[in-house]
Amino acid sequence: MSNIFGPVPSRRLGRSLGLDITPYKTCTFDCVYCQIGRTTNKTVQRMDYIPKNLVLSELKDFLDMEEDIDYITFSGSGEPTLHSGIGEMINDIKSMTDIPVAVLTNGSLLLREDVRKDLLSADVVLPSLDAASESVFHAVNRPHESLGIREIIDGLRVFRKVFENELWLEIMFVKGMNDWIDEITALSDAVCEIDPDRIQLNTVVRPPCEDVEPVDEDGMIRICREFGGDAEIIAEQRIEVHPEILPLLQRRPLTIEEISESLGIHRNEVVKHLRGLKEGGKIVETVHAGKRYLGVKM
Ligand code: SF4
């Protein structure tokens, strides 16, 4: 099942079954903190990237085997609203199961009416917004050239007005990039305009291809105060590390793609497992010929 992964435990969504509806890696952004790697197809073109019926039949097969899932979540190898069939897929899933549907999005296409309309049937939409000024937007999100942050904030605000279900806005803070007071104040103003149901503040973990640093705990508490008590700090939930990853890496260093192929699990799941090993100081990263390899710390 190449378009379905998990269920993976998520702090925000419990046991979340991921639906991956764009090819790796197709996105409107190329964020410095992206854990799944650099964007190779930066685009704003909506297309039928992966056949809807294939995704839905894989989902149906999965649900026939397992129903212990809190959310079916559109996420994966890029920006899911780039898929022109996401609205139909959400509606079809709603008629297939009572499990709520969530959409993780960078929010960049909500300025388009067709995208806003497509997401109306979702139970939860979780957009991210990491900048309120154009310069920080370009530094952190490295967007497609046609995108501007003011239009994106307007799109989120308009979507909020028409979307009757839950809207949870996530802001990812990167040390030295968007954690200074002017940007935090501008973000706080943007959040007031958008008026989401929840404001969730997060900070980065070291991604596979960039050297970015998280904001420390005191810094996150300070930032949270600037949002006037309406925000919450979230952190990704730890997951049990896959038992075969360490033995695999003991044989030789591997890339995320190679681990994914060897174990037959989606690269997003590999990223989550590796996070636990990195935090435990059990693995090291080396770069060779432009590729990042994970190996066991000797
Ligand atoms: S929007 Fe999401 S998938 Fe796209 S580059 Fe940023 S973090 Fe990665």
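Each reported figure results from applying straightforward, stated rules to the coordinates on display, with no laboratory input. All of these numbers come straight from a predicted model, not from anything done at the bench. Backbone-built Cβ (ideal geometry, glycine too); neighbour counts: all protein chains shown.
Table for the structure above
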item	result
Order of Met172, Met177, Met298 - criterion: other Cβ atoms within 10 Å of each residue's Cβ, fewest first	Met298, Met177, Met172
Which of His266, His242 has the fewest Cβ neighbours within 10 Å, and the rest in rising order	His242, His266
Mean residue ellipticity (222 nm) of the chain, computed from DSSP H runs ≥ 4 via -39,500 (n - 2.57), nearest 500	-10500 deg cm²/dmol
Whole-Hz couplings from phi, Karplus 6.51/-1.76/1.60, listed for segment 10-22; x for Gly and Pro	10, 4, 8, 10, x, 7, 10, 9, x, 10, 9, 10, 10
Local electrostatic count, His83, Cβ distance below 11 Å [Lys/Arg +1, Asp/Glu -1]	-3
Peptides ranked, highest mean first, by Cβ atoms within 10 Å: ranges 68-74, 50-56	68-74, 50-56
Whether segment 189-298 is rounded, prolate or oblate, judged on the alpha carbon gyration tensor where a/c under 1.5 counts as rounded	prolate
25 °C / 0.890 mPa s Stokes-Einstein diffusion coefficient of segment 4-237, Kirkwood radius on C-alpha pairs, µm²/s	137 µm²/s
Sorted by Cβ density within 10 Å, fewest first, the residues Leu277, Leu19	Leu277, Leu19
